[in-house]
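The values are calculated or read from the model by the stated rules, or taken from the named source; none is laboratory data. From a predicted model like this one, the values you see are computed outputs, not experimental measurements. All Cβ positions, even for glycine, are placed from backbone atoms using ideal geometry, and neighbour counts span all protein chains on display.
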Amino acid sequence: MFHTILFAEEFAGDLEVSPKDYLERVLLKKGTRVRAQVKPYVVEADDGPVEVADLFFEDGTATRAVPFALFSFVR
C-alpha cells in the first residue's frame with residue numbers, strides 16, 4: 001500500500017534505481033511530499049534503538065533506513 005508522506009526535515013540518502021546500477025544521491029527537502037510504501041524496522045544506534053523505514057517509491061526506486069523522525073504520514 002502506498003502512503004503519502006511529508007518530510008519535516010531535509011534527508012540526504014542513497015537512491016536505489018535498479019540492482020544493476022550504482023546508487024544515486026537523493027536530497028528530499030523539508031516540505032517534500034511523496035508517495036511510498038513504508039517498510040519499518042528498528043536499528044541499534046549509539047543512543048539506543050531508532051525506528052527507521054525503507055521507502056519504496058511509485059517510480060520503482062527506493063531508499064533505505066530513513067528515520068521516522070524525518071517524515072510523517074499525510075492525507
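Output the qualifying pairs, or none if there are none: Cβ atoms under 6 angstrom, residues six or more apart or on different chains, first residue in the stretch 12-24 and closer than 21 Å to A69 by Cα, second residue of a type outside the set (K, R) and assigned to a loop (DSSP other than H, G, I, E, B).
Close Cβ pairs satisfying both conditions: D14/L23; L15/T61.
Does any residue in the stretch 44-55 that is of a type in the set (D, E, K, R) come within less than 6 Å, Cβ to Cβ, of a residue that is surrounded by 10 or more Cβ atoms within 10 Å (Cβ to Cβ) six or more places away or on a different chain, and which pairs are these?
Every condition considered, the pairs that remain are E51/V42; E51/F68; D54/K39; D54/R64.
Within the stretch 14-32, does at least one residue satisfy the condition of being at pLDDT 95 or above and under 19 Å from M1 (Cβ atoms)?
There is no residue in the stretch 14-32 that is at pLDDT 95 or above and under 19 Å from M1 (Cβ atoms).
Mind checking which residues of the stretch 1-52 are surrounded by 11 or more Cβ atoms within 10 Å (Cβ to Cβ), in a loop (DSSP other than H, G, I, E, B) and of a type outside the set (D, E, K, R)?
Within the stretch 1-52, F2, A8, V17, L23, T32 meet the criteria.
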